[in-house]
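The values are calculated or read from the model by the stated rules, or taken from the named source; none is laboratory data. Keep in mind it's a predicted model, so treat the numbers as computed, not measured. No Cβ is skipped: glycine too gets one built from the backbone with ideal geometry, and neighbour counts run over all protein chains shown. Please note that ligands, DNA and RNA were not included when accessible areas were found on the heavy atoms of the full protein model with its side chains. Shrake-Rupley method; radii C 1.70, N 1.55, O 1.52, S 1.80 Å.
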Amino acid sequence: MNKVYLVGFMGCGKSAIGKRLSFFTKLPFYDMDHEIVQKTGMTIPQIFETFGEERFREMETEFLQTFRDEKCIIATGGGVAMRKENRKLMRATGLVFFLDAPFRDIWRRIATDKNRPIVQRSSRAEIEQLYHKRYDAYKQSAHFIVQTRQRSLSKVTEYIAFQMERLSSETDSIEIP
Ligand code: S3P
């Protein structure tokens, strides 16, 4: 096992859990959005506005293709699992955990966020529709589905760390379906 990818909708807790997991496991943590922001010197809303969403999606794929070969934890952006190519790349280079959070919880966390252009330009109903539309792709990308409903950040982190530990103690050549 090399990388650990956290996937799921905006506001499902990828960054918060990734940071805790990094603390627990002593593995470095990277936030994809943050890496793209660093590289371009622009905020996510600026990238969307200047180059368009499609270019941002390409940047996400480029990140997955070129990011260094290192054992680490990566919080992906909410749209990353939508591309088949990205799903393949993640599954080929690591373990993928889908943080499955109820829409209610998600909306509470993202409703007023100015740094998420998709939220800025959409109504609650549109975001909920997008959540349902994306659900299967998250599932398809994942080796593990982690229900976060009514579970604390610590509990979710412990569960992921447990699965990581379990798998790393098995043979390295194990094929995860
Ligand atoms: C997006 C999610 C965001 C960010 C961008 C687009 C999406 O990341 O990549 O605003 O399409 O769901 P988070 O999931 O970290 O909010």
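When a 1.4 Å probe is rolled over the protein heavy atoms, the share of accessible surface on segment 69-157 that falls to carbon and sulfur comes to 47 percent. Probing with 1.4 Å while keeping every protein chain in the model, the per residue accessible area of segment 1-148 equals 50 Å². Can you work out the PRE-style zone for Asn2? Point 7 Å along Cα to Cβ, and I want the residues of segment 20-42 with backbone N under 16 Å. Residues 28, 30 fall inside that zone. Stretching the chain fully between Glu35 and Lys155 yields a gain of 40.5 nm (0.36 nm per residue, less the alpha carbon separation). When only alpha carbons of segment 23-167 are considered, Rg and Dmax amount to 15.5, 44 Å.
Distance between the pseudo-spin-label points of Arg57 and Thr43 (7 Å out from Cα toward the beta carbon): 2.4 nm.
Compared with the dominant principal axis of the Cα atoms in the chain, helix 124-141 is inclined by about 30°.
Nearest 10 degrees, 0 to 90: what angle lies between the long axis of helix 53-66 and the longest principal axis of the chain (Cα atoms)? Compared with the principal axis, the helix lies near 20 degrees. In the structure shown, the pairs Lys39/Lys139; Lys26/Lys88; Lys19/Lys88; Lys26/Lys71 are assessed against 21 Å; a Cα-Cα span above that value is assigned to Lys39/Lys139; Lys26/Lys88; Lys19/Lys88.
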